[in-house]
Amino acid sequence: MDPLTEQLALNMPLTLGASLSGIASPESLRGGPDTVDLDYVVEGARSVIVFGVPFDESLIEPYLRKEDYGLNANKIRTTTFAAGIAFEISTVLTSLGYEARPVAPNFAFRKDTPNGIFDRVPPASLKLIAASCGIGHIGQSGLLITREFGAAFSLGAVITDAVLKPTEPLPEEDNYCDRCMACRQACVAGFIEPEPVRIDMGGRSVRVGNCRAAARCAYPCGGITGLHPGGRWSTWSPGRFPVPEEDEEYRTISRKYVGRYLERKRSGAICYNPLLAGTYEMQYTCSNCQFVCHPDPAVRRSRLKMLRNSGVVVEDADGNKTAMPPKEAAEFVAGLPEERRRLYTDDA
Ligand code: SF4
Ligand code: SF4
């Protein structure tokens with residue numbers, strides 16, 4: 001008798017510390033993009049157990065107001081915890097005789113695309129998988145959004161050859177994304193487009209996000225730059241490098257500035273991103289699209305306002321970050337010695 005029941009598979013992530021779980025199958029993902037081909041990860045896969053671990057909501061608004069950078073550490077720890085849950089479940093399943101592989105929540109990229117890991121194509125799209133099996137919907141931001149936690153959680157998954165009954169998707173009309181565009185307005189890189197997009201997956205028409213080249217997000221999200229083109233506010237990155245208009249320019253811009261980014265001191269929690277060749281050290285300095293999104297439109301508006309009034313971040317020689325009014329921040333950077341100023345700006 002098959003010892004892995006649907007209920008056990010759904011309970012495992014919850015018992016280990018996740019707050020949401022679901023099961024998808026090749027049938028529930030049928031017709032979707034290449035990134036929901038489970039065979040890419042486990043040949044002969046029959047199921048995927050996917051789950052969500054929320055971030056600490058109490059840290060979101062202080063982060064958006066630039067009062068407290070603690071959400072960086074919480075996002076790193078939560079993401080690492082989600083990866084650990086996936087690893088633990090896959091270890092149990094392989095011990096029981098199944099094929100099973102964990103899928104990391106972040107920084108896992110396919111190597112067999114034209115530009116390898118720099119194409120930033122995940123082995124499996126956890127958000128599409130999660131949308132197929134009732135965890136949430138996809139918002140205009142391209143992120144998975146849920147009534148319980150907005151977009152503020154990390155996803156993890158285990159792909160396996162165990163045969164499990166998939167959980168049902170949520171009704172499309174329950175998607176709370178009303179295309180308010182708070183996520184678009186919270187993005188310094190112009191990553192999110194306003195037009196609606198749908199794909200076919202699992203025999204249904206599914207609303208998905210509308211996002212430009214992944215490298216466009218990665219450049220500020222990884223912390224290399226952060227100043228909004230209008231100059232009035234920034235992410236938590238003190239970088240003031242250009243934010244080009246054309247997607248094509250993002251193919252090389254991160255590589256142009258990554259050396260200077262890695263030369264900066266970092267204060268606080270660090271994670272490792274294989275795209276940051278050198279020390280690979282990264283801190284989350286943006287995720288604004290993720291953190292402004294909330295089921296209540298009034299909260300979204302309020303959070304966007306907080307962000308736009310949060311000032312511009314600068315940092316001291318030890319990497320401690322502080323926000324100040326835009327003019328003061330510009331003067332602070334202009335007053336730095338040349339060897340430090342070049343870490344943040346091209347301005348001589
Ligand atoms: S911020 Fe608004 S437009 Fe963006 S995903 Fe959330 S609800 Fe949709
Ligand atoms: S993480 Fe930041 S840069 Fe990336 S899409 Fe979201 S708001 Fe834009």
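The values are calculated or read from the model by the stated rules, or taken from the named source; none is laboratory data. Please read all numbers here as calculations on a predicted model, not as lab measurements. Don't worry about glycine lacking a Cβ; one is built from the backbone with ideal geometry, like all the others, and counts go over all protein chains shown. What goes into the accessible areas is simple: the full protein's heavy atoms, side chains included, and nothing from ligands, DNA or RNA. Shrake-Rupley method; radii C 1.70, N 1.55, O 1.52, S 1.80 Å.
Here are the numbers for the structure shown:
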quantity: Residue among Gly231, Gly202 that is in contact with a Ser or Thr (Cβ under 6 Å, 6 or more places away or on another chain) and either under 24 Å from Ala329 (Cβ atoms) or surrounded by 20 or more Cβ atoms within 10 Å (Cβ to Cβ) (or both); calculated: Gly202
quantity: Restricting the range 284-331 to residues that are β-branched (Val, Ile, Thr) and under 15 Å from Gln185 (Cα atoms), the residue that is surrounded by the fewest Cβ atoms within 10 Å (Cβ to Cβ); calculated: Val299
quantity: Filtered residues of the range 110-138 (kept if touching a residue at least 40 places away in the same chain (Cβ under 8 Å), of a type in the set (Gly, Ala, Ser) and assigned to a helix (DSSP H, G or I)); calculated: Ala130, Ala131, Ser132
quantity: Which listed residue is within 16 Å of ligand 2 (Cβ to nearest atom), within 20 Å of Ala24 (Cα to Cα) and not small (Gly, Ala, Ser), from Leu143, Leu128; calculated: Leu143
quantity: The range 139-165 residues that are more than 12 Å from Phe51 (Cα to Cα) and away from ligand 1 (no atom under 14 Å from the Cβ), paired with ones that are at pLDDT below 95 and of a type outside the set (Ser, Thr, Tyr) (beta carbon under 6 Å, 6 or more apart); calculated: Ala162/Leu4; Leu164/Glu6; Lys165/Glu6
quantity: Unique residue being closer than 25 Å to Leu71 by Cα and surrounded by fewer than 21 Cβ atoms within 10 Å (Cβ to Cβ) when the list is Thr345, Thr279; calculated: Thr279
quantity: Helices (runs of 4 or more DSSP H) fully within the range 260-348 counting 3 or more residues that are within 16 Å of ligand 1 (Cβ to nearest atom); calculated: 288-292, 297-308
quantity: Segments classed as strands (runs of 3 or more DSSP E), wholly inside the range 1-109, with at least 2 members that are modelled with pLDDT of 95 or more and open to solvent by 40 Å² or more (accessible area, probe 1.4 Å); calculated: 100-103
